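Quick notes on the structure that follows.
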Amino acid sequence: MTTLLVNTIFRSTEGEGIHIGTPQIFVRFQGCNIGCVNCDTKESWDFDVSYTMSLDEVLEKVETLSQDSIKRVSITGGDPLHPSHVPSLIALVKELKARGYYVNIEAAGTRIVREVFDLVDFVSYDYKTPSTTVKTSKETLVEFLKAYGPKAQVKAVVADKKDFEATFDAFHFTRSKDAPLVPWVLTPCFEPGEEFPMERFQQVVRLNENFGLPFRVIGQQHKWVYGATAKSV
Ligand code: SF4
């Protein structure tokens with residue numbers, strides 16, 4: 001029997017990136033050892049093997065939340081692409097596709113998992129900025145864009161000018177290697193406890209203007225609607 005280490009399954013609207021505002025069901029996997037310091041889902045870091053769901057239970061929950069009308073699923077985490085998840089993740093994606101769902105996967109930008117990326121409809125790939133303290137390989141990013149550009153976006157959390165400049169540098173690196181142009185989305189960092197990071201948001205918008213508007217700036221809608229610490233929204 002296929003079992004999955006799931007943190008939570010809920011219905012909401014996409015809160016960030018180019019699909020912002022789109023109703024969908026989120027399947028959040030447990031477990032992540034990537035360690036972004038500004039991670040907003042640290043509650044998903046543990047791999048709690050005492051709490052698993054069968055594939056049938058996950059699908060039943062998705063179908064119940066779908067009510068036959070919301071045929072989109074976003075698979076997130078944690079790190080859903082952690083090697084320990086991949087076999088059950090593939091089984092889940094195959095079943096969702098067989099049932100007619102559009103499937104997005106949130107990729108941390110640390111690895112390309114072709115057997116998953118080939119199956120899903122869309123890959124949201126992180127470029128990890130310096131403020132995360134995690135590094136995204138620019139060479140791997142180029143490889144990813146060349147293979148999956150038509151169904152991809154790159155997202156970068158930007159806390160300051162250094163983050164912006166690193167993202168700008170990565171963007172130009174990919175273009176210099178003839179990687180396809182895809183939407184690059186800057187997500188102004190939103191610290192827990194903040195009402196709304198207006199100044200940081202405006203700084204990111206200004207930097208983008210000063211550097212020739214290469215990016216889209218899209219905030220995290222769910223955080224200003226429900227607050228920065230609300231979960232499953
Ligand atoms: S990859 Fe995602 S879940 Fe993991 S630490 Fe970074 S932001 Fe958090």
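Throughout, read-outs are computed from the coordinates displayed, never taken from laboratory work. Here the structure is a predicted model, which is why all the values come from computation and not from measurement. Counting neighbours? That spans all protein chains shown, and the Cβs are built from the backbone with ideal geometry, glycine included.
Brief remarks on what is shown
- Adding -39500 (n - 2.57) for every DSSP H run of four residues or longer, then dividing by how many residues the chain holds, sets the calculated 222 nm ellipticity at -9500 deg cm²/dmol.
- Each 10 Å bin from zero up to the one holding the largest Cα-Cα distance in the chain carries the following percent of pairs: 8, 33, 38, 19, 3, 0.
- Positive-end extreme of charge dipole, the chain - chosen from 105, 164, 29 (charges on Cβ): 164
- Cβ distances below 4.7 Å define possible disulfide partners, and in the chain the cysteines left without one are 32, 189.
- Potential lengthening of the chain between residue 133 and residue 39 amounts to 32.8 nm, from the contour at 0.36 nm per residue minus the alpha-carbon distance.
- Using C-alpha pairs below 8 Å separated by at least 6 residues, the relative contact order for segment 106-151 is 42 percent.
- Segment 119-130 - phi-based ³J(HN,Hα) in whole Hz, Karplus 6.51/-1.76/1.60, Gly and Pro as x: 8, 7, 8, 8, 10, 9, 10, 7, 9, 7, 7, x
- Positive end of the dipole of segment 121-233 (Cβ unit charges, origin at the Cα centre): among 173, 218, 190, the Cα lying farthest that way belongs to 173.
- Calculated log₁₀ intensity ratio I(q)/I(0) where the Debye formula runs over C-alpha points of segment 109-233, q = 0.10, 0.20 Å⁻¹: -0.32, -1.15
- Simple Cβ-charge dipole of segment 3-226, Lys/Arg +1 and Asp/Glu -1, about Cα centre, in debye nearest 20: 600 debye
- Judged by the gyration tensor of its Cα atoms, with axes a ≥ b ≥ c, segment 1-55 is oblate; a/c meets the 1.5 cut and b/c is at least as large as a/b.
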